[in-house]
Amino acid sequence: MNIKFLIAAVGLAFLQACGGSDNTTYNTLDGARPLVIAHRGASGELPEHTLEGYRRAIEQGADFIEPDLVLTKDGVMVARHEPVLDGTTDVAAKFPASRKTTKNLDGVPTTAYFASEFTLAEIKTLRAIQPRTGRSTQYDGLYSIPTLDEVIALAKSTSRTVGIYPEIKHSTFHATVAGFGANVFEDKLLATLHAAFGNSASAPVFIQSFEVSNLQYLNGKTSIKLVQLIDADDVNNDGSLSLVAPFRQPYDFVVKGDARTFADLLTDPGLAFVKSYADAIGPWKPYLVKTVNDGVERTGDATLTAADRRVDGSTGVIERAHAKGLLVHTWTFRNDAGTYGFKDPQKEIEYYFKLGVDGLFTDFPATGVAARAAI
Ligand SMILES: [Ca+2]
Ligand SMILES: [Ca+2]
């Protein structure tokens, strides 16, 4: 090795240790700069899961864009958070109610316009609408529903590396109730991702799921990084998590009679189990930081909300997951809802970054980028 190369190599190692071009040190698993993941795109501003929303997130500096995936009747992966089209599209204005069906969705009988009953051509006639009250509806009716292929093409068209963070929604439902068969969804996803990014742990891709057995299956088929999502129903006043179905257990555990809850996956034996097939955990943020409703009004608006909760600090999950070699990516950070113990949404994100999360999902990527720059 010549001396010039050595200096370059040392310089590169220094930059990597610092996580990038700044001199901040991070409490992440490997010291790398934590990721800002655009949750359903820049979904705080534009309708979720649209190319326009993902593009806005990229412009704001997001490292990853997140397509949640469901299957159409003809087996195409499209970006929707739910396997139904009712809340996020104008389907009810374009198709008769007779196109609704009733299906068992993870134990809950649901009557709706299921995506799996519509062809891609039909879904392409729909336009996205804003599902969350309080957010702008001015973009309703403008943007179409993208396929995974279109999301990948967008990510790859950028001058910097922008990763994709696909979530397999309702794996058991798609395999059984929707009738696609075991692991058909997973195989489709891998075929697409391997073609686009290669079968590599260094691909700018994370695959996420709330179920377990499909991630175990994927672990035997791919080197792409895998994320075990960890859900709950609510947060109790004392900061503990409320575990009520269907948010109590991975749904494949329910079907198999495996008694373990989501919380059980965060005990030391649970983390060791997850480490046997995944690279990261993706817990809801109250699993990481304990906040308590002690009845004290802290934000100065004379109204007691979740933002007033007392912040008691790390639950230890981040530290114990890192000790097992697992990355920790948490969710969801919003400027307009759902801060626990923080009046200022950016300060909430800064708090999690300082504790050492390796990435976080936000509906407002610009706030995530600003928070990371501020720590
Ligand atoms: Ca998701
Ligand atoms: Ca308040």
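The values are calculated or read from the model by the stated rules, or taken from the named source; none is laboratory data. Here the structure is a predicted model, which is why all the values come from computation and not from measurement. Note that we place each Cβ from the backbone using ideal geometry, even for glycine, and neighbour counts take in every protein chain shown. For accessibility, only protein heavy atoms count, side chains too; no ligands or nucleic acids. Shrake-Rupley method; radii C 1.70, N 1.55, O 1.52, S 1.80 Å.
Before moving on, here are some points about what is shown:
- The chain - percent relative contact order, Cα under 8 Å, separation 6 or more: 17
- Highest mean packing comes first when the peptides 37-43, 127-133 are listed by Cβ atoms within 10 Å, giving 37-43, 127-133.
- Length gained when the stretch Asp90-Ser223 is fully extended (0.36 nm per residue, less Cα-Cα span): 44.1 nm
- Bridging of Lys290 to lysines at a Cα separation below 27 Å is possible for Lys275, Lys324, Lys343, Lys347, Lys354, once same-chain residues fewer than 8 apart are set aside.
- Kirkwood hydrodynamic radius of segment 57-105, from the reciprocal of the average inverse Cα-Cα distance over all distinct pairs: 13.1 Å.
- Share of carbon and sulfur in the accessible heavy-atom surface of the chain [1.4 Å probe, %]: 54
- Label-point separation, Asn199 to Val255 (7 Å along Cα→Cβ), nm: 2.4
- Global geometry of segment 119-269, whether rounded, prolate or oblate, following the gyration tensor of its Cα atoms and the 1.5 cut on a/c: oblate
- The chain, helix-only ellipticity at 222 nm - DSSP H runs n ≥ 4, -39,500 (n - 2.57), divided by all residues, nearest 500: -8000 deg cm²/dmol
- Cα gyration tensor shape of segment 77-203, rounded if a/c is under 1.5, else prolate or oblate by comparing a/b with b/c: oblate
- Calculated Rg and Dmax of segment 55-150 using C-alpha coordinates, Å: 14.0, 43
- Gyration tensor verdict on segment 240-361 (Cα atoms; rounded if a/c is under 1.5, prolate if a/b is larger than b/c, oblate otherwise): prolate
- Beyond 26 Å, the tail of the calculated P(r) for the chain holds 53 percent of the Cα pairs.
- Estimated FRET transfer efficiency (Ser157, Thr303; beta-carbon r; R0 35 Å; 0.05): 0.20
- Loop sites in segment 140-237: trypsin sites (Lys or Arg not before Pro), DSSP, at most 14 other Cβ within 10 Å: Arg160, Lys221
- Stretching the chain fully between Thr267 and Asp30 yields a gain of 83.2 nm (0.36 nm per residue, less the alpha carbon separation).
- Pairwise inverse Cα distances across segment 135-213, averaged and inverted, put the Kirkwood hydrodynamic radius at 14.6 Å.
- Solvent-accessible heavy-atom area per residue, rounded to whole Å², over segment 101-189 at 1.4 Å: 42
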